[in-house]
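S.K.: Take a look at this one; I'll ask things after.
The values are calculated or read from the model by the stated rules, or taken from the named source; none is laboratory data. None of the values given here were measured: they were computed from a predicted structure. Here the Cβ positions follow ideal geometry from the backbone for every residue, glycine too, while neighbour counts run over all protein chains shown. We work out accessible area using only protein heavy atoms, side chains counted, and drop any ligands, DNA or RNA first. Shrake-Rupley method; radii C 1.70, N 1.55, O 1.52, S 1.80 Å.
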Amino acid sequence: MNSNYAELNDEQQHAVFHYQGPALVLAGAGSGKTRVITYRIVRLIRDYQIDPFLILAVTFTNKAAQEMKTRIQQLIPGEPSQKLFIGTFHSLGLKILKLHAEKLGYRVGFSIYDEADQKNLMKECFWDLKWDEKQIPLNTIRSYISAAKNDFKLPDAYEKIASGFLMEKASQAYKLYQKKLQQNNSMDFDDLILNVLILFKKFPEVLMQYQNRFQYLFVDEYQDINRSQYQLVQNLVHRHNNLYVVGDPDQSIYGWRGADIQNILQFEADFPGSCIFKLQKNYRSTRSIIQVAQSVIQNNIQRKSKDLFSMREIGEQVVYFQASDDKEEAKYIIQTIQNRINESRNFRHFAILYRTNAQSRVLEDALRRENIPYQIIGGLKFYDRKEIKDMLAYLRVVVNPSDSVSLKRIINVPIRGIGSSTVERLENQAQAQGESLFQVLCSAVETTTFPKKTLQAMDNFVSFLSMCQKIKDHEQPTDLFKIVLEKSGYLAALQAEDEIEAKMRIENLSELANSITDYEKNCKGKNESPTLEDYLNQVSIISEVDKLEDKRNSVVLMTLHNAKGLEFPIVFIAGFEEGLIPHSNSIKEDESVEEERRLCYVGITRAMDALYLTGCVCRSFYGSPVWKSASRFLTEIPSNFLKKEGISTSFLSTENGTYEIENHSQKSKIFDEDIPEVLFHIGEFVKHKTFGSGVIISLSGSQENLQVTVSFTGYGKKKLLARNANLQKIDSLIS
C-alpha cells in the first residue's frame, strides 16, 4: 500500500487509484465516500500533476462541499486547493450565469427568488389570468412548473405534453411566470440549472469553454440528480469523458422532487467501459444497526447488489417502542435522553427524526417542559422571518431595481404613505408601459397624478433608494446594510413599538448583520472583494442542513429527508407506523413504497451507537384520534434483531402456528382452528357500510361467533359480529 494512502482500506484504495475514464463508486452508508473523492482529487493533483483548475466536484449541500474543501486543504495546503471548484449544482450554475446571463437577456445583479418570492410572483400571474386560488391550487401549479424545469422541459415543450385540467393550467402559468421573472431581472432556484442548459444550447462556444475548463468531473450523491442536472453533467463530460460519480441507489430518496434513480442504475449503459467500485465497509454504525438496515433494504428490487457490513462491534440491540399515543411516545424519547445524559452523553449526541414536520410539535412541547435545549432543522428558517426578508428585499432592490416583487414588499414598510391603491395604480401603469415598477415609481414623482402627500412619500423613498444604489459599490456590505436599516426608518419603527416581539426582531436583524460580517471575513481570507450582490446570491442558495450548528449542545430535530448525509451517536425515528413510515401518500405504488423503504434505510444508518424506533397505537390527526398499526418495515426485521418495549397490538406469527396478542402485561392465544376464513388483526383498518372507516382494537370469540370491536372515526367504538359486519379491509383511515 502506498504510504500516502495508508489510511484507506483496500476498497477505498482501488477506487482512489482510478485515473481516467468514467467510473461509478457504489458507496454504502458510512463507508467513507467523502474520503474517496477527496483522496482521488489529491491523487490527480499530486501524483498525476493535473492542474486543479481543470477539476470540478459537485455536491448536494454547501456543508458537504466545505467539508471536502477543508480535507483537501489539509492534504495539499496552499494554492492548489484554492484553484479547485467544489460546490453544489446550484452554486455552479450561479457561477456560470454571473458571467454569461447577459447573453440570455438578464442584467448584472439579477435576483434569485426563494419560495416566498416565487409564490408572490405566481399570485401576480393568477391575478393577470383572472384565476381563483380556491378553484386552482397555487402551490400545485408551482410544483408542476418546478417539476417541468427539473425535467428540462421549457414552456413550449411542456405545453405539448400538458394533459388534464391542472397540467394545462400549469402550462399557461409557466409561460407568464417565466416572462415575469425576466421582466424582474430575476431567476428562481430551478432556473440556476435550466438557464445554464439553455445557455449551452444557444451558445456552443460557451459550452466548449467549460468542457475545456472542467476536464475531470466528480459528482457526489449521483443517485439524487434530476434530469436537468443529468443533462448538465452530460454536457460537461462529453468532450473528455472523465466522469467520476459516487452514490448509493439504496439512499435515493428525492423522487418527489425529480431525482431519478435510473440515472445511477443505468450508469454503465450511459458510459460504456466504465469502472465499477464498491465500498461495503461501514465505519459509522454498530453491527446491530447495520443488520437492521440491511434486513429492510434488501426487500427492494430497484437496487444494485452490495453487502454492507459494519467494521465496529455488535453494540446495543436496536429498540422498538410502541406507545399508547404520541404524547407517551414523546415522553419515552425524552426520558431515554435524560437517562443517557447521565451516561456522560451530551445533548448534541441525540437526533430525533420523523417523516413529517407536523410530528415535531408534540416532541418540542415535551423537550421544552423538561428544559432540554434543541434545534429544529426545517422549521421557520432564519432567512424566512419577516424582518429578515424585509431587509433582504431592501438590499435586493438596491442591487436590482427591476426586482418588483422585492420592491412591493418594502414600498410601504415601514408605513410611509404609499398605500395599496397607489401601488396597484403604479403596477397597472408599469404593465401598460412595459416598464419595471421602479421605473414607473421614479417617473411618477415628476407628475401631479397622485395626491401631494403621496408624491412626497414616493419622492423620499426614491431618493433614499437612489442614494443607496449610488454608494453600493463604494461601501462594504455591512456598512451599507446599516445605512439601509437606519435611513429606511425600519429600525426606528421597531424601536418605537417597544414590545418583546419587536426586540426579538431587532436581535434577529443584529444576527443578519453578523452574517454579512462573517461573509466579509470569509472573502478576505480568500483574497476576494466582498460585494452585496455576491452576499445575496450566497444567502439564496443556503440549504437547511447547511445551517445545522454541529457544536451547539442541543438535541437535533429534523425530517428523515433533512437527515441525509448526517450522523449522530444516538438516533430516534419517531412515528414508525403505517401512514407515516411508509407515508400514506406512497403506499399505492410499488416504486413509491421502495422509495419510502430507502428513506427508512437512510434514517436507520444515521445512527452510530444506538437506535430507537418508536411508534404509537393512537396519534392525533387534525385534533381527532387516529388508530395506527406498526410499520410494515418492522415485519422485515428479524425479531431477534429487536428489543421490544411498550405495547404491541399486532398479531405476531409464531413457529407453532399460533398467533399472539401482546397488550401491556396481558397475553392471549388464538389457535388456527379458531380463526375464521377472513383473518382480522388488531390494528388493521376496515370500512363498514354504515359507520365508515375505523381500526380494529380488540377481538373476542372464535369462528362464527368471532366479535370485532372497531373504533370508527365518526361513530366511536362498535362491537360487531364478524360474519354479519361485512367489514372491508382498507390501507388507511385517511382517504
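S.K.: How much length is gained if the chain between residue 280 and residue 538 is pulled fully straight, taking 0.36 nm per residue apart and subtracting their Cα-Cα distance, in nm to one decimal?
M.R.: Gain on stretching residue 280 to residue 538: 89.3 nm.
S.K.: If you roll a 1.4 Å probe over the heavy atoms of the protein chains, what accessible area per residue do you get for the stretch 1-92, in Å²? Intermediate results must be reported in sequence, preceding the final value.
M.R.: Details: 3560 Å² over 92 residues.
Accessible area per residue, the stretch 1-92: 39 Å².
S.K.: State the percentage of accessible surface on the chain attributable to carbon and sulfur atoms; use a 1.4 Å probe and exclude ligands, DNA and RNA.
M.R.: Answer for the chain: carbon and sulfur cover 47 percent of the accessible area.
S.K.: Which percent, nearest 5, of DSSP beta bridges in the chain are antiparallel?
M.R.: DSSP beta bridges in the chain are roughly 40 percent antiparallel.
S.K.: On a C-alpha basis, how far is the centre of the stretch 412-455 from the centre of the stretch 581-596 in Å? Whole number, if you could?
M.R.: Cα centroid of the stretch 412-455 versus Cα centroid of the stretch 581-596: 51 Å apart.
S.K.: Moving to a separate point now. Which whole-number value in Å² is the accessible area per residue of the stretch 315-429, probe 1.4 Å?
M.R.: 42
S.K.: Given a cut-off of 26 Å, name the pairs among 103/123; 63/521; 179/202; 98/175 whose C-alpha atoms lie farther apart than that in the structure shown.
M.R.: Exceeds cut-off: 103/123.
S.K.: Using a 10 Å Cβ count of at most 10 others and DSSP loop calls, identify the longest part of the chain lacking such trypsin sites (Lys or Arg not before Pro).
M.R.: Between exposed loop sites, the widest span is 135-525.
S.K.: Place +1 on the Cβ of every Lys and Arg and -1 on the Cβ of every Asp and Glu in the chain, take the dipole about the Cα centre, and give the residue among 143, 706, 39 whose Cα lies farthest towards its positive end.
M.R.: Going by the charge dipole, the pick is 143.
S.K.: What nm distance separates the two modelled labels at residue 707 and residue 636, each placed 7 Å from Cα along Cα→Cβ?
M.R.: Placing both labels 7 Å along Cα→Cβ, they lie 3.9 nm apart.
S.K.: Please find the FRET efficiency linking residue 427 to residue 345, where r is the Cβ-Cβ separation and R0 is fixed at 41 Å, and quote it to the nearest 0.05. Working shown, then result.
M.R.: Values: r = 57 Å, r/R0 = 1.39.
Calculated transfer efficiency: 0.10.
S.K.: Label residue 203 and residue 10 with points 7 Å out from Cα along Cα→Cβ: what is the distance between them in nm?
M.R.: Spacing of the two 7 Å Cα→Cβ label points: 5.1 nm.
S.K.: Quickly work out the residue 66-to-residue 487 label distance, labels modelled 7 Å from Cα along the C-beta direction, and quote it in nm with one decimal.
M.R.: With each label point 7 Å from Cα toward Cβ, the separation is 3.2 nm.
S.K.: Here is a follow-up. Could you calculate the contour length gain from residue 120 to residue 270, that is, 0.36 nm times the residue separation minus the distance between their Cα atoms, to one decimal place in nm?
M.R.: Between residue 120 and residue 270, full extension yields an extra 50.0 nm.
S.K.: First measure r as the distance between the Cβ atoms of residue 372 and residue 499, then evaluate 1/(1 + (r/R0)^6) with R0 = 25 Å and state the FRET efficiency to the nearest 0.05.
M.R.: About 0.30, to the nearest 0.05.
S.K.: Something else about it: Which lysines, if any, have their Cα less than 19 Å from the Cα of residue 718, not counting same-chain residues under 8 positions apart?
M.R.: Here the lysines satisfying the reach criterion relative to residue 718 are 628, 687, 689, 729.
S.K.: Report the extension gain between residue 724 and residue 467 in nm, rounded to one decimal, defined as 0.36 nm multiplied by the number of residues separating them, less their alpha carbon distance. Don't jump to the answer; show the numbers that get you there.
M.R.: Details: separation 257, 0.36 × 257 = 92.52 nm, distance 8.14 nm.
Gain on extension, residue 724 to residue 467, equals 84.4 nm.
S.K.: Hey, another quick one. What's the center-to-center distance, using Cα atoms, between the stretch 127-172 and the stretch 1-75 in Å?
M.R.: Each part's Cα centre sits 41 Å from the other's.
S.K.: So what's the back-of-envelope 222 nm ellipticity for the chain, counting only DSSP H runs of four-plus at -39500 (n - 2.57) apiece and dividing by all residues, rounded to 500?
M.R.: The helix-only estimate for the chain comes to -13500 deg cm²/dmol at 222 nm.
S.K.: Please work out the FRET efficiency for the pair residue 163 and residue 361, using the Cβ-Cβ distance as r and a Förster radius of 51 Å; give the result to the nearest 0.05.
M.R.: Details: r = 39 Å, r/R0 = 0.77.
For residue 163 and residue 361, the calculated efficiency is 0.85.
S.K.: Rolling a 1.4 Å sphere over the protein heavy atoms, what is the accessible area per residue of the stretch 105-237, to the nearest Å²?
M.R.: Values: 5630 Å² over 133 residues.
I get 42 Å² per residue for this part.
S.K.: Taking H as built 1.01 Å from N, whose amide H comes closer than 5 Å to the amide H of residue 85, not counting residues under 5 places away?
M.R.: 55, 57
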